[in-house]
Amino acid sequence: MSCIVWNARGLGNQRAFRELKRLIVEKDPHLLFLSETRMREYNCRRWKEWLNFMGMFVVNCEGKKGGLMLLWKNTIEVTIKSFSSGHIDSIVKDGEKIWRFMGFYGNPDARRRKDSWILMKRLTGISELKDLPWLMGGDFNELCHQNEKKGGRPRSEVQMDEFRTTVDACELREIYGEGDFFTWVNMRNGEDAIWEKLDSYLSNLSWRLLYPAAISENLEFYSSNHRALQLIWSRNGDGGRHI
């Protein structure tokens with residue numbers, strides 16, 4: 001059983017949609033969270049059938065910016081709990097196991113990124129959800145440490161500290177991915193190239209205890225400037241649901 005999160009950087013052209021289909025065929029995720037789709041719900045009503053998913057929930061883009069999408073297979077049950085331009089919060093039922101999945105998209109405007117951390121902390125405190133095992137994944141648009149950036153000017157220490165403080169306050173910890181370390185590139189070459197680790201999975205202790213063998217992998221870019229990130233939470237024989 002697996003999940004993929006990916007900042008698709010727009011899905012309104014044939015090449016991007018073709019790359020999305022290739023990603024799904026190659027990795028066969030049971031849960032797929034897409035950010036920066038730059039799409040509206042009426043443009044993708046048939047996507048779940050075309051992409052062989054059972055369920056779909058869309059947060060419309062604003063103009064030509066943003067847009068979120070969550071898709072899932074019939075091997076799990078998903079209930080949407082809340083959403084905004086920066087998140088989709090859901091309850092996942094995987095056989096007898098019930099947990100929380102949140103796809104997250106940090107504000108791309110550094111001046112407004114505090115709003116994302118306020119949102120994250122507010123969502124942490126929702127009484128009916130706060131005791132559930134919790135997995136969060138997506139493009140946070142922020143770093144935790146300077147070594148998560150190569151090229152360009154150093155990241156603001158204040159910005160990184162605000163992100164670290166928020167993750168700690170939410171009692172989350174990163175699930176480190178195998179594969180190439182940096183998840184975003186500015187698409188330039190030589191001395192102008194900048195690489196950053198903006199995308200990741202976070203989880204609380206009860207989720208890690210629920211799926212102790214879970215592993216994450218940083219995949220290809222698939223036409224975007226962000227890598228897709230896959231997390232395999234269970235396989236045949238490890239206590240997960242067999243598929």
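Is segment 143-190 rounded, prolate or oblate when judged by the Cα gyration tensor, a ≥ b ≥ c being the square roots of its eigenvalues, rounded requiring a/c under 1.5 and prolate requiring a/b larger than b/c? Here segment 143-190 falls in the oblate category. Given the options N218, N52, N43, state which has the largest fluctuation in a GNM of the chain using a 10 Å cut-off (strictly under) for Cα springs. It is N43. With loop defined by DSSP as not H, G, I, E or B, and exposure as at most 16 other Cβ atoms within 10 Å, which is the longest segment of the chain clear of exposed chymotrypsin sites (Phe, Trp or Tyr not before Pro)? Between the exposed loop sites, the longest stretch runs 1-175. FRET efficiency for the pair E96 and E191, taken as 1/(1 + (r/R0)^6) with r the Cβ-Cβ distance and R0 = 45 Å, rounds to 0.25. Fully extending the segment from L209 to E49 would add 54.2 nm, taking 0.36 nm per residue of separation and subtracting the current Cα-Cα distance. Taking the Cα centre of segment 1-143 as reference, the dipole from Cβ charges on Lys and Arg (+1) and Asp and Glu (-1) amounts to some 480 debye. If the limit is 21 Å between Cα atoms, which of K97/K197; K48/K73; K73/K197; K27/K73 go over it? Exceeds cut-off: K97/K197; K73/K197.
Placing pseudo-labels 7 Å out from each Cα toward the beta carbon at E157 and I80 gives an inter-label distance of 4.3 nm.
Summed over qualifying helices (DSSP H, 4 residues or more, each -39500 (n - 2.57)) and divided by its residue number, the chain shows a 222 nm mean residue ellipticity of -6000 deg cm²/dmol.
Considering all C-alpha pairs of the chain, those separated by over 30 Å amount to 20%.
Working from label points 7 Å from Cα in the Cα-to-Cβ sense, the N147 to N60 distance is 4.6 nm. Subtracting the Cα-Cα distance of E171 and E26 from 0.36 nm times their residue separation leaves 48.9 nm of extension gain. Could you give P(r) for segment 142-243, binned at 5 Å from zero, as whole percent values over all Cα-Cα pairs? Reading the bins upward from 0: 2, 11, 18, 19, 19, 14, 8, 5, 3, 1. Annotation: for a label point projected 7 angstrom from Cα along Cα→Cβ of K114, residues of segment 159-180 with backbone N closer than 12 Å are 159, 162. Where does the longest stretch of the chain lie that holds no GluC sites (Glu not before Pro) found in a DSSP loop with 16 or fewer other Cβ atoms within 10 Å? Free of exposed loop sites, the longest segment is 1-95.
Here, each number is a calculation from the coordinates, and none is a lab measurement. Quick caveat: nothing in here was measured; it's all calculated off a predicted structure. With ideal geometry, Cβ positions are generated from the backbone for all residues, glycine too; neighbour counts draw on all protein chains shown.
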